[in-house]
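Engineer: One structure is given below, represented as structure tokens, and several questions about it will come after.
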Amino acid sequence: MSEPRYKIVFDGALQPGVEINTAKLNLAGLFKSDVTAIERLFSGRAVALKRDLSQSDAQTYLQALSKTGIDARIETETTVELNLSDVHEHGHAAQEPDSPYAPPQANVGESLPGFAVLKPLSVEGRIGRLRFLAWTMVLSLVTLPIVGVFALIGLGLVSGDSTTGLIIGGIIALFLFLAFMIVSILFSVQRLHDIGWSGWLCLLNLVPFVGSFFPLVIMIMPGNTGANRYGPPPPPNSTAVKVLCSLWIVFIGLFLSAQWSAGSPRSSRNMKAAWKAATKVAR
């Protein structure tokens, strides 16, 4: 009697606490496919992800699939079974060689990519809170000196009564400002993606009152620990990111302290003046 053979069956069930989008992304990474093609596996029908396996091989495949968050199971092979080709559109008699539902091209048990590739100048990807602050500081440190140099050049041209030079300086300053804003928006979009929010929420910065505290929300809100609909999580923070973030926080603290200190005497004088005015009115 030949050794029993087994297959891995999946009917769309997920492990407890796993989001369906996370499972689709992880499964797409394992199958070397795209998420759109993986959608077919979640139709609710039982699909054989892998067949004709020994018991030990079936256990190995099941462990690899479990890491994606899906709840697959092992069943004994039978003569009549539902194959992956059944999920193709009507009219396809056999499974194409490049089917996204072919057995995983990666080695069984191979670790899935845990982190996304950083893309600073892109609307795709995710960055965490510390990296968002660090990148913002680097952007500011690069932009401010350039603006300062052109400002000095502009002052020199103005003192020389050069209207043409003033116009050129204004145009350059405008382009620098636009470049700074575009890169800042890209950083904010990736930060929103890390939280699991749409990048279009950046437009809230233009809303009166809301725009005054929304940047603070972006800096404080923690990101998703696992993959979300915008991709895998960003890589761990490097030492440089932590140092730059710490310096940026210290700088912001010193700036706010200086503002508060500068405003305190003025506030005291204003309060005294108001008190005197109120006393005169009372008299």
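Values quoted throughout were computed directly from the atomic coordinates according to the rules given, and no laboratory measurement underlies them. Computed from a predicted structure; not experimentally measured. Counting neighbours? That spans all protein chains shown, and the Cβs are built from the backbone with ideal geometry, glycine included.
Engineer: As a quick test, which of the pairs 32/67; 67/242; 7/67 have an alpha carbon distance above 21 angstrom in this structure? It would help to have the intermediate numbers written out before the result.
Structural biologist: On the way: 32/67 15 Å; 67/242 30 Å; 7/67 18 Å.
Exceeds cut-off: 67/242.
Engineer: At residue 142 and residue 121, where each label point lies 7 Å from the Cα along Cα→Cβ, what is the point-to-point distance in nanometres?
Structural biologist: According to this spin-label approximation, the distance is 0.8 nm.
Engineer: Right, something else. Treat each spin label as a single point 7 Å out from the Cα along the C-beta direction, and report the residue 60 to residue 256 distance in nm.
Structural biologist: 5.6 nm
Engineer: Which residues does a label at residue 185 reach in the stretch 203-246, if reach means a backbone N under 11 Å from a point 7 Å past the Cα toward the Cβ?
Structural biologist: Taking a point 7 Å out along Cα→Cβ of residue 185, the residues of the stretch 203-246 whose backbone N falls under 11 Å are 203.
Engineer: In whole Å, what are the Cα extents of the stretch 6-87 along the three principal axes, biggest one first?
Structural biologist: Sorted from largest, the Cα extents of the stretch 6-87 read 33, 25, 23 Å.
Engineer: Relative to the present Cα-Cα distance, how much length would full extension add between residue 45 and residue 229 at 0.36 nm per residue of separation? Please report the intermediate quantities before stating the final value.
Structural biologist: Details: separation 184, 0.36 × 184 = 66.24 nm, distance 2.36 nm.
Net length gain for the segment: 63.9 nm.
Engineer: Once R0 is set to 41 Å, what does the formula 1/(1 + (r/R0)^6) return for the Cβ-Cβ distance between residue 217 and residue 13, expressed as a FRET efficiency to the nearest 0.05?
Structural biologist: 0.70
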